[in-house]
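Comments concern the structure below.
The values are calculated or read from the model by the stated rules, or taken from the named source; none is laboratory data. All values reported here derive from a predicted model rather than from experimental measurement. Positions of Cβ are generated from backbone atoms using ideal geometry, with glycine treated the same way; all protein chains shown enter the neighbour counts. Areas reflect the complete protein model, heavy atoms only, side chains present, ligands, DNA and RNA absent. Shrake-Rupley method; radii C 1.70, N 1.55, O 1.52, S 1.80 Å.
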Amino acid sequence: MHKLLPLAALALASAAPAEQRVDVALSNFRFTPATIALHHGQPYLLHLTSHGGHSFAAKEFFAAATMPAADRAKLAGGKVELDDGESVDIHFVAPAPGNYRIKCTHFLHAGFGMTGAFVVR
């Protein structure tokens, strides 16, 4: 019976989905990629890199996503502010299916096209 416990623990560990990395570049009035496709319940690492000062605002998405307290602390009002050349990592589990808007909140940046969406299936 005791020999089955390590096998059961191994089976549970391998059943958990692996965290997937999503890289997003913020530059010249655009997010690359602008549409980020995710799967509900899947863990992700969002790696944001800014070329120029920008924000990455997704208030509804970040409110609905599950994430560690340390990563939630990186958000202020549902957004991340990045200086030129700065990178930020946010770990989360994708929320319920739906489309969640993304925008840069800096003056006129969204108006010039710096918008996007998380699409969760």
Looking only at the range 36-59, which residues are touching a residue at least 40 places away in the same chain (Cβ under 8 Å), touching a Gly at 6+ places or on another chain (Cβ under 7 Å) and not aliphatic (A, V, I, L, M)? none
Looking at (1) more than 11 Å from the chain's Cα centre (by Cα); (2) surrounded by fewer than 21 Cβ atoms within 10 Å (Cβ to Cβ), which is the one condition that is false for residue 54? (2)
Whether any residue in the range 66-77 is at positive phi and surrounded by 13 or more Cβ atoms within 10 Å (Cβ to Cβ) is what I want to check. no
Since residue 80 meets every condition but one in (1) buried (at least 16 other Cβ atoms within 10 Å of the Cβ); (2) touching a residue at least 40 places away in the same chain (Cβ under 8 Å); (3) over 19 Å from residue 37 (Cα atoms), which condition does it not meet? (2)
Candidate set: the range 83-103, residues that are in contact (Cβ under 8 Å) with a residue 40 or more places away in the chain and outside any strand (DSSP E or B); chosen: the one nearest to the chain's Cα centre (by Cα): 94
For residues that are open to solvent by less than 30 Å² (accessible area, probe 1.4 Å) and part of a strand (DSSP E or B), scanning just the range 29-42, find the one that is farthest from residue 61 (Cα to Cα). 31
Residues that are of a type in the set (Asp, Glu) and outside any strand (DSSP E or B), drawn from the range 18-28: 19
Is there any pair linking a residue in the range 2-30 that is farther than 30 Å from residue 87 by Cβ and at pLDDT 95 or above to one that is open to solvent by less than 100 Å² (accessible area, probe 1.4 Å) and of a type in the set (Val, Ile, Thr), with Cβ under 7 Å and at least six apart or on different chains, and which? none
Residue check for residue 105: open to solvent by less than 50 Å² (accessible area, probe 1.4 Å) and of a type outside the set (A, V, I, L, M): no
If I go through the range 88-99 residue by residue, how many of them are within 15 Å of residue 46 (Cα to Cα) and not acidic (Asp, Glu)? 7
Mind counting the residues in the range 108-121 that are part of a loop (DSSP other than H, G, I, E, B), over 16 Å from residue 49 (Cβ atoms) and either open to solvent by less than 20 Å² (accessible area, probe 1.4 Å) or hydrophobic (A, V, I, L, M, F, W, C) (or both)? 3
When residues of the range 43-70 are filtered for being part of a strand (DSSP E or B) and within 21 Å of residue 110 (Cβ to Cβ), how many remain? 9
